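Below is one structure, written out as structure tokens, with a few remarks after it.
The values are calculated or read from the model by the stated rules, or taken from the named source; none is laboratory data. Everything numeric in this text was worked out from a predicted model, so none of it was measured. With ideal geometry, Cβ positions are generated from the backbone for all residues, glycine too; neighbour counts draw on all protein chains shown.
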Amino acid sequence: MNQIIKNSITVILSAFLISFNAFAGTGDLRHSTAAKEIAELRTYVENAGSSNAEAYANAAQICINRGYNLQEAKAWIEHAIQLNSSPQNLEILGDYHYRTGKIADAYKAFNKALNLTFDHQVSEDEMARLQLKIQTTAKDLLNK
């Protein structure tokens, strides 16, 4: 009976170590892929030129969606907003704040974006998405 328990522990420990090594390799791969993508985004922004708000906003949105390079993403979206304070760019800023846990700032950015939709041509889907983000952030603020 004692030998069965020892064998079982050995099998479980071996399986754990094998799975741990497999996941460690995957993490390294994800890290190298993220680093490569960040480098590509930096090149994209640099090649687009400092007056291309859309390039800065697109690069920021990708980083925010993926959850990495967030400090640079914030700088990129703030630069895009300086060039073009559009509802889309303010929504991306709201996404940044939401991702980083600054729910009140996200709420303000989403509301400002929604207010700008009246001066800019936006689709019904964009407006509905903004309204949903405002509702979600408002609930989050109330539940704090």
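Can you confirm whether the range 23-37 contains a residue that is modelled with pLDDT under 95, within 28 Å of ALA106 (Cα to Cα), surrounded by fewer than 19 Cβ atoms within 10 Å (Cβ to Cβ) and small (Gly, Ala, Ser)? Checked against the condition, which is being modelled with pLDDT under 95, within 28 Å of ALA106 (Cα to Cα), surrounded by fewer than 19 Cβ atoms within 10 Å (Cβ to Cβ) and small (Gly, Ala, Ser), the range 23-37 yields at least one hit. Just one of the listed residues (GLN61, GLN121, GLN82, GLN71) is part of a helix (DSSP H, G or I), among the polar types (S, T, N, Q) and out of contact with any helix residue (DSSP H, G or I) (no Cβ under 9 Å at 6 or more places or on another chain), and it is GLN71.
In the range 43-57, the condition of being surrounded by 14 or more Cβ atoms within 10 Å (Cβ to Cβ), at pLDDT 95 or above, aliphatic (A, V, I, L, M) and within 17 Å of LYS102 (Cβ to Cβ) is met by no residue. If you go through the range 111-144 and keep only what is in contact (Cβ under 8 Å) with a residue 40 or more places away in the chain and surrounded by fewer than 14 Cβ atoms within 10 Å (Cβ to Cβ), you end up with just LYS144.
Looking at LYS74, LYS108 in this structure, which one is surrounded by fewer than 20 Cβ atoms within 10 Å (Cβ to Cβ), at negative phi and over 14 Å from the mean Cα position of the chain (by Cα)? LYS108 is the lone residue from the list that is surrounded by fewer than 20 Cβ atoms within 10 Å (Cβ to Cβ), at negative phi and over 14 Å from the mean Cα position of the chain (by Cα).
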